[in-house]
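This is the structure I have questions about; it appears just below.
Each value in this text was obtained by applying a stated rule to the coordinates, not by laboratory testing. Please read these numbers as outputs of a predicted model, since none were measured by experiment. Here the Cβ positions follow ideal geometry from the backbone for every residue, glycine too, while neighbour counts run over all protein chains shown.
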Amino acid sequence: MGKSGFRRPRFPFLLLATSCRRFPLSKKSLLVASACVAYLLFALVGYTQQQQQQNRRIHTDQHRRGSGLYDSDSDQSRALPRSSDPQLSALSTAPSRSNVVYITLRSKLLKPPNIRGTVRPKLRRKSKRIKSTKSVFTQSKFGTLAPDAGQRKRGDAQRSAREGGGEDAADYRLLKIIPDHLADRRAGSQISSIRIYSQRAPPWLSAQDVEALRFLADVKLWRVKEVSRGDSAPLLMFEGETAAGRKHGKPATLCAGACGVIGSPVENTEVFAFHLDRVLGLNRTPPAVSRKFRFLHDGQPCPVVLWDASLYPEGPGADVSAVRMTWGEYQNSLKQRCWHRNNSPKPASGCSTVHHYEWSKLALFDFLLQIHGRLDQGCCGFRPRREDVCNQRNCGDQNNIQLNNIQRGSNPRRLVFSHNRGFFDRNEDNLDFRILEGIKELPEQAVSVLSSMRLRERLLQSLFLDQTYWESQGGRQGIDKLIDVIEKRVKVLLTYINAYGIQAVAMNV
């Protein structure tokens with residue numbers, strides 16, 4: 001029983017094998033051929049299904065790549081018409097992944113142990129040399145670039161006098177009418193140093209800001225002039241060759257078209273200050289970019305700030321429209337809360353025309369960048385060093401110290417933050433808290449950005465737009481060092497706000 005039960009499962013196979021041996025050779029061949037044909041049919045069907053699945057995966061991957069970062073605007077980009085203009089065609093097609101640079105916060109790059117020895121001291125020593133050699137550029141070096149400059153200056157002065165522009169001729173002198181072969185080649189090319197790879201700029205930059213940045217960075221220069229301002233340092237300005245200027249002819253006076261003020265390479269913090277101002281939502285700083293000039297400062301990147309004619313209502317050579325007050329008068333205006341809720345102050349209050357909230361914005365901005373030249377000219381709020389410029393150093397009689405560089409534009413209620421030369425080498429134990437003295441309120445929008453832990457991300461996105469400034473600071477690693485300094489000061493400021501009970505108020509003025 002055991003053996004028969006063991007062999008029973010194999011009995012049908014043995015019976016079939018025994019039957020096959022008895023078949024003739026022709027039937028055996030037909031049986032083998034039928035089995036082979038059946039195997040080939042099964043293999044072909046399986047291969048076809050595998051190819052169909054692979055094609056579906058490839059089609060799905062291509063669809064995902066096509067939708068990518070700009071999937072929300074794909075319909076709009078497909079609807080844009082084709083154009084021969086390269087700028088319009090660039091707008092009508094979404095950029096590929098190869099030219100999109102993503103800024104992430106994953107990698108924490110190494111930082112030097114002492115940033116004060118790596119950022120400013122060398123630049124400060126250069127500032128004195130550059131300031132002393134500015135006249136050398138306007139005379140000897142300029143003569144080598146334009147041999148007929150004297151004739152051009154005399155002709156320009158005579159032409160201005162004939163056209164009733166005698167005042168303008170006295171305010172400035174022509175430095176250079178730039179020939180075509182010496183003009184910045186990048187300005188005439190299609191590649192802009194302001195790089196925006198997405199469909200729109202960051203939300204804290206307005207359309208006017210982007211237009212101003214592109215003008216300052218890429219406009220073709222027509223003339224560069226040095227404007228003397230009495231005892232103050234002269235302004236080095238350029239005038240761009242705009243479409244309006246080409247349409248109406250060359251303007252006879254300075255800055256009849258759009259202009260920019262050129263600073264020295266050590267003043268590149270103007271660019272950082274502009275982006276910090278926009279990220280915080282203050283909107284009080286004129287647009288600024290970094291640009292190279294082949295004929296100036298040996299081709300080093302220089303800050304270029306948009307010319308604001310409202311700051312000089314009497315002309316470029318006149319004094320700036322500034323607020324004249326002492327430290328004591330300033331503290332009294334903070335107590336009076338001048339123009340708060342649009343209430344007119346009393347005649348004997350000693351208030352200026354500046355709104356109360358403007359001082360809070362100025363104090364917050366100057367503290368983060370440690371700009372002491374406006375509210376602390378005497379360097380009374382920190383330990384100055386030999387290279388620090390301290391005027392009217394009489395800290396014993398603080399109430400009579402004059403405030404300087406506080407400017408206002410066309411709106412007398414609002415301030416304009418210009419000459420924003422910040423310092424990144426001041427340690428946390430030597431910050432100028434005198435800037436915050438008397439301040440009881442700070443702008444709510446700016447405080448929310450500082451406390452949201454997204455300041456670094458937004459500054460990286462904003463500063464990345466200016467390619468020349470980004471590269472001049474050493475790329476991502478150099479920009480991270482600067483933001484590290486600002487973030488440390490933010491922590492100190494937030495602690496100060498909590499300790500003194502300073503309120504965050506919506507300041508829509």
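Given H placed on each backbone N at 1.01 Å, which residues far from residue 505 in sequence or on other chains put an amide H within less than 5 Å of it?
442, 444
Specify whether the C-alpha gyration tensor of segment 342-394 places it in the rounded, prolate or oblate class, a ≥ b ≥ c being the square roots of the eigenvalues: rounded for a/c under 1.5, otherwise prolate if a/b is larger than b/c and oblate if not.
Oblate.
In whole Hz, with x marking every Gly and Pro, tabulate ³J(HN,Hα) for segment 220-236 from phi via Karplus 6.51 cos²θ - 1.76 cosθ + 1.60, θ = phi - 60°.
6, 6, 9, 8, 10, 9, 9, 9, 7, 10, x, 6, 6, 5, x, 9, 9
Skipping prolines and chain starts, which residues have an amide H placed within reach, meaning under 5 Å, of the one on residue 325, given they are 5 or more residues away or on another chain?
403
Okay, next question. Using amide H atoms built 1.01 Å from N in the peptide plane, name the residues 5+ places from residue 292, or on other chains, whose amide H lies under 5 Å from its own.
302
Tell me whether segment 327-505 comes out rounded, prolate or oblate; compute the Cα gyration tensor, take square roots of the eigenvalues as a ≥ b ≥ c, and use a/c under 1.5 as the rounded threshold.
prolate
How many angstrom separate the Cα center of segment 409-478 from the Cα center of segment 359-395?
Value for the Cα centre distance between the two parts: 15 Å.
Ok, one more. Could you tell me whether segment 392-469 comes out rounded, prolate or oblate from its Cα gyration tensor? Rule is a ≥ b ≥ c as square roots of the eigenvalues, rounded for a/c under 1.5, then prolate if a/b exceeds b/c, otherwise oblate.
Note, shape of segment 392-469 comes out prolate.
Residue by residue, what Karplus-based ³J(HN,Hα) values in Hz, rounded to whole numbers, does segment 384-391 have, using 6.51, -1.76 and 1.60 with θ = phi - 60° and x for Gly and Pro?
Values, residue by residue: x, 10, 5, 7, 6, 8, 10, 9 Hz.
Using 1/(1 + (r/R0)^6) with R0 = 30 angstrom and r between the beta carbons of residue 341 and residue 309, what's the FRET efficiency to the nearest 0.05?
That gives a FRET efficiency of 0.45.
Which FRET efficiency value, to the nearest 0.05, is calculated for residue 444 and residue 348 with the Förster distance at 22 angstrom and r the Cβ-Cβ distance?
After rounding, the FRET efficiency stands at 0.10.
Here's something else I'd like to know. Please report how many Lys pairs in segment 327-505 have alpha carbons closer than 26 angstrom, counting only residues at least 8 apart along the chain or sitting on separate chains.
Going through segment 327-505 pair by pair, I get 12.
Could you give me the ³J(HN,Hα) list for segment 268-278, computed from phi with Karplus coefficients 6.51, -1.76, 1.60 and θ = phi - 60°, whole Hz, x at Gly and Pro?
5, 5, 4, 5, 4, 5, 4, 5, 5, 4, 6
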